[in-house]
Amino acid sequence: MKKKILVIDDDPAILEVIKIVLEEKGYEVATTLDGNKIEKKVIEINPKLILLDFLMIGPTGGDVTIKLKTNKKTKDIPIILISANHDIENLTRQFDVDGFLAKPFDIDQLGLLIEKHIVK
Amino acid sequence: MLHNQLYLNKLLPSFPKLSISPKEKKLYNTLPIGIVLINSHGIILFANKKTKAFFGNKHLIGLPFILLFSKDKQTSLSLYIKKTFAQKKTYSTLLSFTNGEKQSIKITFSLLQEQKMPQAPILIISIENSHSEIPSQPAMLPEERYKNLFENTQIGVYRTTPEGKVLMANPTMLHLLQYNSFEEFATSNLDQDFAPTYSRKTFKKLLEKYGEVKGLESAWVRKDKSIIYVRENAKVIKDISGKILYYEGTVEDITDKKKTEEALKYSEEQYRNLFEHAPIGIYRSTPDGKILMANPRLLQMLGFSTFKELTAHNLETDAIGPLYQRKIFKDMLEIEEEIKGLEFTWIRKDKSIIYVRENAKAIRNANGRILYYEGTVEDITEQKTVAEALKITEEKYKNLFENIPIGLYHTTPDGRTLMANQKMIEMLECTSFEELTAHNLSEKGFGPTYSRSKFKKRIKQENEIRGLEGIWITKNKARIHVRENVKAVRDNNKEIMYYEGSAENITQRKQMEEALSRLATIVASSPDAIIVSDFHDIIIDWNAGAEQIYGYTAEEIVGKSIFTLIPIDRIEHLKIVLNKLRKGETVNNYETIRLKKNGSTVYVSVSVSAIKNSQGKAIATASIARDITQNKKMEEAVTRLATIVESSPDAIIVTDSNNIITTWSPGAERLYGYTEKEILGKSILLLVPPNRDHEIAENVNLLKEGKTITNFETIRYAKNEQPINISVSVCPIKDSNNNIVAIASIARDITEQKKLEKQRDMLIGVVSHELKTPLTSIKAFVQLLQKRVEIKKDTTTTLYLEKVNNQVNKLNSLILDLLDATKLRAGKLQFHKEYIDINTLIQEVTEDIKQTAIGHTILIKGRIKKRVYIDKNRIGQVITNLLSNAIKYSPDKDRIIIRITTSSTNKVKISVQDFGIGISQQNHEKIFKPFLRIEKLTQEDLPSLGLGLYISREIIRNHNGTMEIKSIEGKGSTFSFTLPIRML
């Protein structure tokens, strides 16, 4: 069974390319354009890993992380933060995320990071 | 004790005076009876043979007579002796005496009148055995017994009839009168033949009246007509009926004695002569001052004409003679016996004073009691007067020596002071001569500063140096100018004994001279016009300054009126000034206008004063004028500047070295809200937010280093406590010595500008973020494409896609820099520091960069053992930036060197050196500026200037480090930065 990854980003082009890259690597990919009702979404999809953009319309990546990491049902799902913010490393210190990747990223790097963190 | 000793001394020498002639001695010794002579103390002076035999041949002389007898006899014997001396009569006593056998003796005491020693009477004692019959008359002596005595005695013995017919004569008698036989002598008559010097008639009368004549001295004419002096004793021998039977006498030859007496008399005469005519006074006085005797010289000395007149005065009680205390004199004589060379003043009859030298001696009797004083007195008034005069002269010189305003001294060549007068002592600020002599003139820091050895050498050659001027150092280390005359004083061998010199303190004169010379120099060199004019207003002195200001040379103007320089409209004013001067007033610093030689006018500030002579009379006028044309111009300039300051929209503030505000422009008031009145005298820190206090000190330090501060952006508080963004330019105000005395700052409100910048920065932030989003998908799609093309082995497409990917990366890094720069400017760039092994960091960064820099070798030299407290990513970013630049700007070279060194100040220094194109000096500072701030951006700037160095330097600054560049165009650049090493 393919492992499911949820990608959250407000840019459809990025969602599209990530979907291609990850499906090529053998993952099942679900996407969403915002962080609204995220807990409900995550519980429904039940992904093995979440790729999360930081600066989005609506709730930020930070808001999303807090919600998921404080919810019993979702707290164990690894979250990898992807952001155009140069100081992404600092952001990861503020929020309880498992990994991070700066935009623009190298697709091989993305693959390695997911492999590292995805729930086996 | 002493008295006894004196007494004895006095006594003992009296023995020789009792000299008994050998003849007498012989006579006494032939007598069949004991004869003893004693003095008034009962001491035996002589004892004849018979006596000695009687008392067992003892040494008797010097013994008290009474001690020859047993104690029970002594009292009565001593009584007899006393009585005999006192009564001058003859006493006899009978006493028993045990001398082997008990015998009875008769002792007769009678006084021997000794002419030579009237003061020392002698007792003659005869001792005979009482049982032997002593005939009361010589006639009754048995012929046998006395025959021997009669025949052998040295005394002539005769018997004559009262008429002088010789009945009997002993051989001595014959011999004395030069007869050979009694028969011949018997024919002579004593009354007629020997012509004794006495009257034989009177002799016979006396003889018959008293029964005897004793000690009659007379001269007899002997048979050969020579004279013989004789002492004669004669007795009348009567029969029972009282009829004179004959005269019996003894005749002693006293010719020798007489001759001696004559000689003595002559000698006495001579002494008398001396006494009378001696050039010294001789006196004899009683201890209580009564004059017993005085010679004519003494009379003359004391101004008396007769001895009688003198003796009316007493030396002790009257104001005549010695002025000394008589008691002391007496005490001295009591102890000393003799006083010699006593010099004192004596008073003469007319109460004038003479100086005398006196010798005096106490004359004592046998008991040691002083009988009188005997003395000689020498008039030494003349000597004394000369001495006194000398003394006065000496005193005068001494006075001169002590009070002369010139220091006088004697010193040894090696600098020891032998003598110095008061002035000399004072000159060297010593308090006493002893203090002066404690120093040596050759010692450093005292006395002359010139070389003593040269000085010695010069004196040796020249013997005398005059007018030697030099600096001396006093005891209190003051430096004084001294003018010296010095001379060598030599002994008989021409060897220098000491230097004699005078030294004059000419410090004041020197100072005057110097002051005068200074004044002359001042006058000559003064830029002010110094003009002296007499009271007819004629110029008599004109200095170079005057020539400079007015254009006239001294030659041209001296002798002309001072009014030559006065514009017509100022003549009245000058007259007023001159009148004031004549009243003794001084007119200071009035500003006026003068005429120059070329007809133009000059602004001057003039002070005028009168020159007075030593009597205080004004004799001339001195005026000092300063050209104030420049000042006037300055004033105008200042006024202009003040106007600018006043009207400037910028805040112009001047602070002193203590940050106190001294100038506050209206612009400053408008900016900060404080009025000038409110803020002057307050600290500039009033305007500074607490977290920016350090800026003030930092700015001062930069100015001190000679750097300029322009458009420094910061925040200040206005009066209403609102922060104001300002851009400030700060410049130092320096004094003539180039010391910063104040700081001027010109501040402009940039709050509005800042607001705009903030908006811009926000815009950049948002824009760059937005740019990154498409860039992310582009990059991802490009990479997807690459993977697919790689599979088809289309190498050309792969290469193209790689170029697209690189450009995407480059675009990304530009965006990143733009974001960093924006954050830096907003102060929002965050650092996460930890202890890092910087060697490893450099290694990693270098490895990364090597992948894209195939043409360059990167060498790492050195390492640091300690870890450094840094933000790993940010410092990595800096090193990356420097290495990228090095590679980029040395395209033709293949070598880059990274050096890691530690400095003594606990810093690590990392430098990146390339050997490329280098950077011109003028651009060294420029390259660190973000191009956003470069106002005139040219096309050329863009390719070479990014934001990298700006960001790098800001990062290093944030780490309390510094970054600098060393670069020579065409030879390469070295960028280096330091980081503090924090101790764990």
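The values are calculated or read from the model by the stated rules, or taken from the named source; none is laboratory data. For clarity, every value in this text was computed on a predicted model and none was experimentally measured. Cβ: placed from backbone, ideal geometry, glycine included. Neighbour counts: every protein chain shown. Note: areas computed on protein heavy atoms with side chains; ligands, DNA, RNA excluded. Shrake-Rupley method; radii C 1.70, N 1.55, O 1.52, S 1.80 Å.
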task = Take region A:73-120 and flag every residue that is among the charged types (D, E, K, R) and over 21 Å from A:GLU44 (Cα atoms).
result = A:ASP87, A:GLU89, A:ARG93, A:ASP96, A:ASP98, A:LYS103, A:ASP106, A:ASP108, A:GLU115, A:LYS116
Residue under evaluation A:ASN85, criteria (1) within 11 Å of chain B (Cβ to nearest Cβ); (2) surrounded by fewer than 16 Cβ atoms within 10 Å (Cβ to Cβ); (3) over 22 Å from B:LEU784 (Cα atoms), criterion not met = (2)
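For region B:800-885, give me every one of the strands (runs of 3 or more DSSP E) that falls completely inside it and has 1 or more residues that are free of Cβ contacts under 8 Å to residues at least 40 places away in the same chain and open to solvent by less than 80 Å² (accessible area, probe 1.4 Å). Show your work before the answer.
On the way: elements: B:834-836, B:857-861, B:868-870.
Counting at least 1 such residues, we get B:834-836, B:857-861.
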query = Out of all the residues in region B:762-799, which are open to solvent by 60 Å² or more (accessible area, probe 1.4 Å) and either in contact (Cβ under 8 Å) with a residue 24 or more places away in the chain or under 24 Å from B:LYS888 (Cβ atoms) (or both)?
reply = B:LEU771, B:ILE778, B:LEU799
message = Kindly evaluate B:THR662 against the criterion of being surrounded by fewer than 16 Cβ atoms within 10 Å (Cβ to Cβ), assigned to a strand (DSSP E or B) and at pLDDT 85 or above.
response = yes
task = Give the number of residues within region B:77-98 that are open to solvent by 50 Å² or more (accessible area, probe 1.4 Å), polar (S, T, N, Q) and farther than 17 Å from B:GLU128 by Cα.
result = 1
inquiry  = Looking only at region A:22-63, filter to residues that are touching a Phe, Trp or Tyr at 6+ places or on another chain (Cβ under 9 Å) and not in a loop (DSSP other than H, G, I, E, B); which one of those is nearest to the other protein chains (Cβ to nearest Cβ)?
reply    = A:GLY61
ask   = Quick one: in region A:90-115, which of the residues that are farther than 17 Å from A:LEU49 by Cβ and hydrophobic (A, V, I, L, M, F, W, C) is farthest from the other protein chains (Cβ to nearest Cβ)?
value = A:LEU91
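Could you tell me whether B:ILE709 is open to solvent by less than 50 Å² (accessible area, probe 1.4 Å), touching a strand residue (DSSP E or B) at 6+ places or on another chain (Cβ under 7 Å) and modelled with pLDDT of 90 or more?
no
Out of the residues in region B:778-794 that are part of a helix (DSSP H, G or I) and out of contact with any helix residue (DSSP H, G or I) (no Cβ under 7 Å at 6 or more places or on another chain), state the one that is nearest to the other protein chains (Cβ to nearest Cβ).
Taking region B:778-794 and keeping what is part of a helix (DSSP H, G or I), we get B:778-792.
If we keep only those that are out of contact with any helix residue (DSSP H, G or I) (no Cβ under 7 Å at 6 or more places or on another chain) too, we end up with B:787-788, B:791-792.
Details: B:LYS787: 8, B:ARG788: 10, B:ILE791: 12, B:LYS792: 16 Å.
Here the residue is B:LYS787.
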query = Taking region A:70-120, which residues are under 21 Å from A:LYS2 (Cα atoms) and modelled with pLDDT under 85?
reply = A:VAL119, A:LYS120
query = B:GLU695: more than 14 Å from chain A (Cβ to nearest Cβ), surrounded by 14 or more Cβ atoms within 10 Å (Cβ to Cβ) and under 30 Å from B:LYS810 (Cβ atoms), yes or no?
reply = no
task = Please go through region B:169-192 and pick out each residue that is of a type in the set (Asp, Glu) and surrounded by fewer than 17 Cβ atoms within 10 Å (Cβ to Cβ).
result = B:GLU183, B:GLU184
note = Listed by first then second residue, the pairs whose first member lies in region B:240-268 and is in contact (Cβ under 8 Å) with a residue 24 or more places away in the chain and part of a loop (DSSP other than H, G, I, E, B), whose partner is surrounded by 11 or more Cβ atoms within 10 Å (Cβ to Cβ) and of a type in the set (Phe, Trp, Tyr), with beta carbons under 9 Å and at least 6 positions apart or on separate chains, are B:ILE254/B:TYR229
ask   = So, of the residues in region B:276-326 that are within 12 Å of B:TYR373 (Cα to Cα) and without any contact (Cβ under 8 Å) to a residue 24 or more places away in the chain, which turns out to be least open to solvent (accessible area, probe 1.4 Å)?
value = B:ALA294
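Could you list, in sequence order, all residues of region B:313-367 that are of a type in the set (Gly, Ala, Ser) and under 49 Å from the mean Cα position of the chain (by Cα)? Spell out the reasoning first.
Going residue by residue through region B:313-367, those that are of a type in the set (Gly, Ala, Ser) are B:319, B:321, B:341, B:352, B:360, B:362, B:366.
Correct list: B:GLY341, B:SER352.
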ask   = What residue, of A:LYS40, A:LYS25, is in contact (Cβ under 8 Å) with a residue 60 or more places away in the chain and open to solvent by 80 Å² or more (accessible area, probe 1.4 Å)?
value = A:LYS25
request  = Report whether or not B:THR901 is closer than 25 Å to B:PRO980 by Cβ, open to solvent by 50 Å² or more (accessible area, probe 1.4 Å) and under 60 Å from the mean Cα position of the chain (by Cα).
outcome  = no
key: Residues within region B:466-503 that are open to solvent by less than 70 Å² (accessible area, probe 1.4 Å) and touching a strand residue (DSSP E or B) at 6+ places or on another chain (Cβ under 7 Å), tallied   = 22
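Considering region B:215-237 alone, what residues qualify as being farther than 17 Å from B:MET168 by Cβ, surrounded by 14 or more Cβ atoms within 10 Å (Cβ to Cβ) and charged (D, E, K, R)? Lay out the reasoning, then the answer.
Here is the first cut: in region B:215-237, the ones farther than 17 Å from B:MET168 by Cβ are B:215-231.
Filter again for surrounded by 14 or more Cβ atoms within 10 Å (Cβ to Cβ), leaving B:216-223, B:228-231.
Answer for region B:215-237, where residues must be farther than 17 Å from B:MET168 by Cβ, surrounded by 14 or more Cβ atoms within 10 Å (Cβ to Cβ) and charged (D, E, K, R): B:GLU217, B:ARG222, B:LYS223, B:ARG231.
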